[in-house]
């Protein structure tokens, strides 16, 4: 085989490969097929109970298996600092040497014990305090021309048995400037004996200062008559965790104050007539002091409708005696005393305060501390963590007449852009409801984007019909309803943009004008069926 | 001399089948002598017993399958329908060996192939359910039992021997070829029993299903995926009868593939009752609901067994029998039967008529019935260029280019063969 022959073969192969590649490189990735199908399928099955309809409520069962709603809300607290405060205080102590003297290094030349009074408000006389937090800043100015060592002690302040003591070097004064020293001591955890040197005083603590010439001084130092040492004691942000003493006879007025309540936030419109409402206003006294509480006003307001109702009850303006709490000697530290004020539709108009679905509760009251004077012998006490608390407990049996009582809830919603759902073209959602409750339910569904911009309301055809009741006003058989929600192409597009759905469900009880009870075994069975045109593709 | 030459040309056409193209009978110009050759070709075929080309073309090449497309198919559906297709590229070297077992008539065959195959069987309900959804069956059951689908994508290395024999001056060949199969991808679905009942208002769906789904390693796709290994064999022989007619017998692709242990197996034989995703809080309408309705969750619900394990599959093999009669130097006719087993294929009975315009140009008319489709009519041409190249191109479904709505198969083939 010659070179020429080999070259000819190579030439043929190259030409062949060129043609072959040209021919067979034509295959491409084809477009994907797609087609539309009609799907009829169940999507969701659920059972709604009263807990689902009123998710933030506590539902309890009565002895006859009927249900009642319990709302508990904290109305207000009266804390320790409402009774007294230890204000930030500066106590200045100036010691002036009465005559000239000479002191050698290491010799004490000055010692002073002083009693200091705390400026406590409201006539409160404390004999003991356990400090939770706060500081004492000690600032010393010395005119002595030599370094000196100051030992500063507060014998009234102890922590784990140790007295608060400070020993520091105060530099020598110069011709133009006093010797100066400043430090801050954390008082957290210190116990303060506020009975002074005699043990019978109040709000009083003892300080002691001792001055010694620095042992490293070059020689004796002469202290001339009139030379001064000045101490500034600053109490800063002192907060006790426990105090004892006599809290004085005080009259404290609170209010009018408004506290917000979310108990009825879900209810947006309609009327509700409750067969019975029981409200219990509970005062819990955690202070070791007798008190007298006078409720001047209690009212509720629905700010949306601007409707306000004030409580009419015998307790309004009547002093309520709250006995002092007792020390337990353990944990918790106190046993609260309670005073309960019971109101119902028979002795008050409390139902009217509830039936307006308030979002604000207004109260105005007076609190008289130690109305009988110092009957404890200076043994009133208060813990910072135990206050005078007021709780509002509302109970109403779900026996009602509702007309268009509309509950609103906003729920998060997201249809994945990547999921199978994105291929829905249009269709209808069918909601099949087997309603075991004696009320009709009208549903409104609003679509909103992530910024709560309104997109559209879904069209809801028909409503959930309420079950009929028998002579005993009890549901025997569930009522079936079919609701259709058309989903147009535009609606589908909006659903993909929807991040929030605002559901409004309006309830109207059957068997009116009679009150109907809601029983424990009532429920709504719901099936949602999708009847969709769906585009199948293989992207 | 010229007529003798033409006759020889026709004989060569008959005597040199290119194994993978045997369904198409594309041997227009046969070897006159044993010589070094290099061939390259590609072919496709797809068809259905019920789905017309208009629909199939949309399905394969993409685009929107419209209502009118489906309605036409509905008219052709029967209780048992089939579809299938093959796409093949291959390149082969045929190299004469000086001596083997003291014989000089043997050539070595070396080649590469890329094959893609799909076949399926399905009920009428299955088709309607797949392409129109379940709403039309509200209050009724959808019968999907007996449906299956087989999809393979493989590459092969072929090594074989071809023996050249002469009978009264006519050349006949016999050969054997062994193929090592590199298995790329497979998907197998077999629904032994299955029904889907949709309650009248769609409030519940009952599924009864006995099915097996197998798929090769889902993490490895593409030409580089090596998800299994297999072997197959091709055998063929030709007989020259006393009257000069020829009979061809061939078996192709007889073998199996072992798909590796990363393959997926999903199987169940149970019933499934669906009333919707059960939610405790309907006011939590978020992705969890959508995911509850997702394909994966439905598979989870339907699957009694979902494991990774190896499996073996006998690959579709074909049997080809041809009888060729030469009338004169211009005319020749060929009749045959072709059957592809294990692939929902119906026996293809074919007649091919060849007409030689001159020694360098041959036309072939094709008529057949069976296979994946119904009636097939074809036309092909082959041109010999300066004795260096043979080029052929054709289709067995000329009707697919005339009326897609009334034809049920499509095919095409093109190839080159070079002599050195």
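Rule-based calculations on the coordinates, nothing more; no lab input. Not measured: the values here are computed from a predicted model. So basically every Cβ, Gly included, is an ideal-geometry build from the backbone, and we count neighbours across all protein chains shown.
Worth a mention:
- For region B:175-254 versus region B:74-121, the spacing of their alpha-carbon centroids is 14 Å.
- Rg/Rh for the protein assembly as shown (Cα atoms only, Rh after Kirkwood) is 1.29.
- Dividing the summed helix terms, -39500 (n - 2.57) for each DSSP H run of n ≥ 4, by the number of residues in chain A produces a 222 nm estimate of -2500 deg cm²/dmol to the nearest 500.
- Taking the fewest neighbouring Cβ atoms within 10 Å as the starting point, the ordered list for A:54, A:372, A:295 is A:372, A:54, A:295.
- Remark: C-alpha extents of region B:365-420 on the principal axes read 44, 20, 14 Å, sorted largest to smallest.
- Three-way shape call for chain B based on the alpha-carbon gyration tensor, with the a/c threshold at 1.5: prolate
- Computed over region A:85-246, relative contact order equals 45 percent, with contacts defined as Cα pairs under 8 Å that lie 6+ residues apart.
- Cα gyration tensor, chain A - rounded (a/c under 1.5), prolate or oblate: oblate
- Simple label model, 7 Å out from Cα along Cβ direction - residue B:180 to residue A:305, nm: 8.7
- Relative to one another, the C-alpha centroids of region B:363-420 and region A:43-121 are positioned 96 Å apart.
- Between residue A:162 and residue B:379, the modelled labels are 11.2 nm apart [label points 7 Å from Cα along Cα→Cβ].
- For chain B, the longest principal axis of the alpha carbon atoms and the long axis of helix B:2-15 meet at an angle near 30°.
- Helix A:3-24 and the longest principal axis of the C-alpha atoms of chain A enclose an angle of approximately 90°.
- The alpha carbon radius of gyration of region A:85-246, expressed as a multiple of 2.2 N^0.38 Å, is 1.12.
- Rough spin-label spacing in nm, given labels placed 7 Å along Cα→Cβ, for residue B:331 and residue B:78: 3.4
- Inter-chain Cβ neighbour count for A:42-50, averaged per residue, equals 6 (cutoff 10 Å, partner chain atoms only).
- For region A:211-257, alpha-carbon Rg relative to the globular expectation (2.2 N^0.38 Å, N residues): 2.53
- Whole-Å distance, taken between Cα centres, linking region A:197-220 and region A:230-246: 19
- Sum of -39500 (n - 2.57) over DSSP H runs of 4+, divided by residues of chain B (222 nm, nearest 500): -3500 deg cm²/dmol
- Per-residue Cβ neighbour rank within 10 angstrom, fewest leading, B:259, A:35: A:35, B:259
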